[in-house]
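The values are calculated or read from the model by the stated rules, or taken from the named source; none is laboratory data. Bear in mind the structure is a predicted one, so any value in this text is a computation, not a measurement. Cβ placement follows ideal geometry from the backbone for every residue including glycine, while neighbour counts extend to all protein chains displayed.
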Amino acid sequence: MPKVSAAYKEERRALLLQSALHCFADKGFEATTIDDIVKHGGVSKGAVYHYFKSKEEIYLELIENGIHEYFDGVRAVFEGMETTIEKLRFLFFEAYETDCCIPERRSRMLIMWEFWIYSSRQPESQVMVKSMNTRLRSFLAELIEEGKSRGEFRADVDAKTIAFLFWSIRNGIGINLFHLQDLDELKQGWQEMERILLNYLT
C-alpha cells in the first residue's frame, strides 16, 4: 500500500472541516449529522472518524482555527497603524463589518453563537467556550490598556469591564443580523456603537 503523504492528510482534513462548516451553517449544529458531512464532502464515514472522534471535535477545531486566523490577520494589520484608536476602529468596526458581508465568515459567526447555547449544557464544551471568551476579552483589555498608557483613553477606564460590555453588545448586534438580514440597519447600529464607545473612552 502506498504511503499517504502529510500534505494529502492535511488536504483531506481541510476538506472535512470545510464540509462541516457548510453543514453546520445550513442545518444548525445539533441537526447536522456525521452522515451530512460525509455526503457533502463526498468521503466515507470511516474517513471522518479517522481524523475526528465526533462532530463536537470537528466544531471545536473549526472555531480554534478561526480564532488563530483572526488574530494573525489582525496583528498583521496592526503593524501599519500608529494609534490605538486606529486599531480599535479596525478590529471591531471595519473588520466586523467586512466579516458580516463575507458568506464564509458569516457562517463561522452563526455556528459559533449557536454552539455557545448548546455548550451551556455540555461541561466539556464549556471549557473551550470559556477559554475562547477569555482570549477575546483579554485581547481587547490589552488594547484598552495600551490606549490608556499612550494618553489616548481616559486613565480611569476599567479595561476588563469595557471588554466584557463590548463583546456582549457586539454579539447582540451580530445575532440580530441573522434574524433581520438587514446589513444597512446593522451598519447604522454599529456606527452608533463606535461613536458611543469612543466618546466614553476618550
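Would you please name the residue that is farthest from the chain's Cα centre (by Cα), looking only at residues in the range 146-166 that are assigned to a helix (DSSP H, G or I) and surrounded by 16 or more Cβ atoms within 10 Å (Cβ to Cβ)? Ranking the candidates gives LYS148 first.
Within the bounds of the range 127-143, is there any residue that is modelled with pLDDT under 80 and farther than 22 Å from VAL74 by Cβ? So far as the range 127-143 goes, yes, one or more of its residues are modelled with pLDDT under 80 and farther than 22 Å from VAL74 by Cβ.
Quickly run through the range 1-59 and pick out the residues that are assigned to a helix (DSSP H, G or I) and acidic (Asp, Glu). Steps first, please.
Keep residues of the range 1-59 that are assigned to a helix (DSSP H, G or I), which gives 6-27, 34-41, 45-51, 55-59.
GLU10, GLU11, ASP26, ASP35, ASP36, GLU56, GLU57 - these are the residues of the range 1-59 that are assigned to a helix (DSSP H, G or I) and acidic (Asp, Glu).
Within the range 85-96, is there a residue that is in a helix (DSSP H, G or I), closer than 22 Å to LEU21 by Cβ and modelled with pLDDT under 75? Yes; the residues of the range 85-96 include at least one that is in a helix (DSSP H, G or I), closer than 22 Å to LEU21 by Cβ and modelled with pLDDT under 75. If you filter the range 97-112 down to residues that are exposed (fewer than 15 other Cβ atoms within 10 Å of the Cβ) and hydrophobic (A, V, I, L, M, F, W, C), you find that the one that is modelled with the lowest pLDDT is CYS101.
Filtering the range 135-145 to residues that are farther than 13 Å from THR84 by Cα and either of a type in the set (Gly, Ala, Ser) or over 13 Å from the mean Cα position of the chain (by Cα) (or both) leaves only SER138.
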